[in-house]
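Computed from the coordinates by the stated procedures, all read-outs in this text should not be read as laboratory data. Keep in mind that this is a model prediction, so the values were computed, not measured. So basically every Cβ, Gly included, is an ideal-geometry build from the backbone, and we count neighbours across all protein chains shown.
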There are 2 protein chains.
Amino acid sequence: MGDLELKPAHGAAQDAGTPRGRRRGGGGALRIPQPTIERLSTYLQCLRQLERTGVATASSADIAERTGINAAQFRKDLSYFGDLGTPGLGYDVPKLQAHLSHAMGLREPHNTVLVGTGNLGAALAAYSGFRDRGFSIVALFDADPDKLGQVINGLIVQDPDLLPKLNADLRADIGIICVPAASAQIVVDKLVAAGIRAILNFAPITISVRTGIIVRNVDLTSELEVLSYYLRAK
Amino acid sequence: MGDLELKPAHGAAQDAGTPRGRRRGGGGALRIPQPTIERLSTYLQCLRQLERTGVATASSADIAERTGINAAQFRKDLSYFGDLGTPGLGYDVPKLQAHLSHAMGLREPHNTVLVGTGNLGAALAAYSGFRDRGFSIVALFDADPDKLGQVINGLIVQDPDLLPKLNADLRADIGIICVPAASAQIVVDKLVAAGIRAILNFAPITISVRTGIIVRNVDLTSELEVLSYYLRAK
DNA sequence: GTCTGTGAACGAATTCACAGCT
DNA sequence: AGCTGTGAATTCGTTCACAGAC
């Protein structure tokens with residue numbers, strides 16, 4: 001009671017507690033369903049590829065064929081963002097790509113910090129795909145004294161206790177957690193104290209954050225367990 | 001036309017085309033919603049931890065508090081599997097854990113093969129969490145001649161063309177794809193040809209599989225993009 | 001009194017189907 | 001004719017609320 005309202009964050013992305021969500025800020029743009037946001041990223045992936053191939057125009061049916069997402073679904077998803085297509089013709093690929101990128105906040109790059117430089121953490125730190133899409137990892141942290149000072153992909157592994165101090169300069173808004181389950185909550189608290197507002201959590205445990213902090217969980221073993229379910233009984 | 005019915009697999013897990021899904025096989029056990037299956041894995045995570053801590057019994061409210069999932073949701077999810085709790089008391093933790101493990105097909109271990117031993121692939125190959133939970137990676141593949149013969153975590157990196165031959169012995173049913181987007185579909189086809197029935201795809205592209213093959217996509221950049229969306233406008 | 005299991009109510013998301021623009 | 005944008009219909013999932021078990 002009265003200790004600042006912590007909440008276990010379940011589900012893909014959870015802003016731990018927007019009341020029951022009607023509109024945003026002062027404006028009035030209506031709330032967009034989370035499944036739509038997730039598909040947007042898929043559309044972008046597809047559009048970037050079409051752009052690379054030099055395709056100028058695509059219909060909702062074209063996109064549907066390439067992504068496996070229903071064409072009506074695609075059009076409905078886009079309708080949240082205004083009239084982006086041309087009846088009889090389809091969508092201008094580069095224009096749509098730019099528009100969606102903007103809508104997703106991908107116009108300017110995001111700085112991220114990563115905590116936990118074990119196998120997975122080190123691999124992500126070295127993964128170029130993040131930077132290519134505008135997510136730069138700008139600092140690495142690990143509580144293990146053996147790892148401190150180690151250099152991975154040009155970044156020095158530092159003490160997580162330095163997070164608040166260092167992030168005052170770095171201004172990262174996303175934190176990636178790759179520590180064991182047992183230390184995940186401690187790390188979460190340090191990230192939040194450092195001003196991090198969004199967390200990508202790879203630790204296989206439910207973490208708690210205060211209202212306004214966004215959490216997304218990726219549990220790799222869980223993914224395999226779901227596959228196992230669909231494999232069973234045969 | 002007529003080339004054996006390929007389908008882009010969108011969404012978390014997709015058995016590419018069960019008609020419109022009423023019941024399964026001959027039995028009659030009713031279809032369980034995919035969100036339920038995904039939460040089951042979360043419950044298991046929680047139950048294993050409770051078990052380690054020596055907690056013998058937990059109510060749906062206890063689980064709700066720990067996982068952030070609504071208590072009624074938990075009870076409804078479990079109700080698909082029969083009466084597992086005791087009114088007035090709650091759930092027997094070890095018993096429920098065992099029952100859910102069984103229901104998810106986690107009773108005996110699964111063999112998996114991993115294709116693509118770049119940063120991410122190598123990290124997953126070395127990750128002990130998979131084996132601990134019954135998913136053993138039993139073979140590694142990479143088309144890059146420089147990587148062939150390399151040893152990672154005790155396994156030799158082999159040519160993906162050997163997949164069908166080798167998997168005749170290995171009998172893996174799950175394949176993990178960690179190759180670049182450009183080669184993902186080729187790898188998918190080789191995995192399926194080798195008898196793999198479920199795929200965990202880390203390549204940021206939509207892959208196509210024939211009916212009956214289960215695909216789950218994990219797109220790490222997409223996860224960051226979704227966070228970006230919720231960070232924008234502030 | 002406590003807590004489960006579940007029908008019923010509700011709410012959310014997908015898909016249909018068509019009016020209207022090019 | 002071709003394709004978008006969208007209200008209406010449908011399907012699906014969640015939450016409520018309570019009867020019944022302990």
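Suppose R0 equals 51 Å. What FRET efficiency, 1/(1 + (r/R0)^6) with r the Cβ-Cβ distance, do B:Asp146 and B:Arg107 give to the nearest 0.05? Working from the Cβ atoms, E equals 0.80. DSSP beta bridges confined to region B:60-155 are antiparallel in about 35 percent of cases.
Across B:Asn111, B:Asn119, B:Asn167, mean-square fluctuation computed from a Gaussian network of chain B (C-alpha pairs under 10 Å connected) peaks at B:Asn119.
When B:Leu30 is represented by a point 7 angstrom out along its Cα-to-C-beta vector, the spacings to that point in the other copies are 3.2 nm, nearest first.
If only the Cβ of Lys and Arg carry +1 and only the Cβ of Asp and Glu carry -1, the dipole of region A:132-187 around its Cα centre is close to 140 debye. Packing-based ranking of B:91-102, A:168-179 yields A:168-179, B:91-102, ordered from highest to lowest mean Cβ neighbour count within 10 Å. Specify which residue in the list A:Pro94, A:Ser128, A:Met104 is farthest towards the positive end of the charge dipole of region A:79-147, using unit charges on the beta carbon of Lys, Arg (+1) and Asp, Glu (-1), about the Cα centre. Positive-most Cα among the choices belongs to A:Pro94. A point 7 Å from Cα along Cα→Cβ stands in for B:Arg107, and the other copies hold the same point at 5.7 nm, listed in rising order. Let me make sure I get this right: for the protein assembly as shown, a, b and c are the square roots of the gyration tensor eigenvalues over alpha carbons, sorted descending. Under 1.5 in a/c it's rounded, otherwise prolate if a/b > b/c, else oblate. Which is it? Note, shape of the protein assembly as shown comes out rounded. Note on B:151-162: average number of Cβ atoms from other chains within 10 Å of each residue's Cβ is 0. Inter-copy label distances for B:Pro145: 4.8 nm (label point placed 7 Å from Cα along Cα→Cβ; shortest first).
Expressed to the nearest 5 percent, the antiparallel share of DSSP beta bridges inside chain B is 40 percent. By the gyration tensor of its Cα atoms, with a ≥ b ≥ c the square roots of the eigenvalues, what is the shape of region A:64-129: rounded for a/c under 1.5, prolate for a/b over b/c, or oblate? In terms of gyration-tensor shape, prolate. If you sort the three axes of the alpha carbon gyration tensor as a ≥ b ≥ c, you get a/c under 1.5 for region A:110-223, which makes it rounded. Only Lys, Arg, Asp and Glu carry charge here, each on its Cβ (+1 for the first two, -1 for the last two); on that basis the protein assembly as shown has a dipole of about 1440 debye about its Cα centre. Taking B:Gly82, B:Gly121, B:Gly212 as the candidate residues, the one with maximal mean-square fluctuation in a Gaussian network model of chain B, Cα springs under 10 Å, is B:Gly82. The chain A residue nearest the rotation axis shared with chain B, using its Cβ and rounding the distance to whole Å, is A:Ala123, 2. In a fully extended conformation the segment linking B:Leu89 and B:Asp132 would gain 12.3 nm over its present Cα-Cα distance, using 0.36 nm per residue. Extending 7 Å from the Cα toward the beta-carbon at both A:Ala193 and A:Ala72 defines two label points whose distance is 5.3 nm.
Would you mind checking the pairs A:Lys147/A:Lys190; B:Lys7/B:Lys147; A:Lys7/A:Lys190; B:Lys147/B:Lys190 and listing those with alpha carbons more than 23 angstrom apart? Listed pairs above 23 Å: B:Lys7/B:Lys147.
Note on region A:114-128 and region B:180-218: Cα centroid distance 25 Å, given to the nearest whole angstrom. By the beta-carbon count within 10 Å of each Cβ, the least crowded to most crowded order of B:Ser41, A:Ser208, B:Ser136, fewest first, is B:Ser136, A:Ser208, B:Ser41.
Highest GNM mean-square fluctuation among B:Ala125, B:Ala61, B:Ala181, for chain B modelled with Cα contacts below 10 Å: B:Ala61.
Of all DSSP-defined beta bridges confined to the protein assembly as shown, some 40% are antiparallel rather than parallel.
With the simple spin-label model, which puts each label point 7 Å out from Cα in the Cβ direction, the B:Leu6 to B:Ala168 separation comes to 2.6 nm. In this structure, B:Leu231 and A:Gln34 have a Cβ-Cβ separation that, at R0 = 22 Å, corresponds to a calculated FRET efficiency of about 0.95. Under the criterion of Cα pairs below 8 Å and six or more residues apart, the relative contact order for chain B equals 22 percent. Based on DSSP H segments of at least four residues, each scored -39500 (n - 2.57), chain B has a per-residue ellipticity at 222 nm of -12000 deg cm²/dmol.
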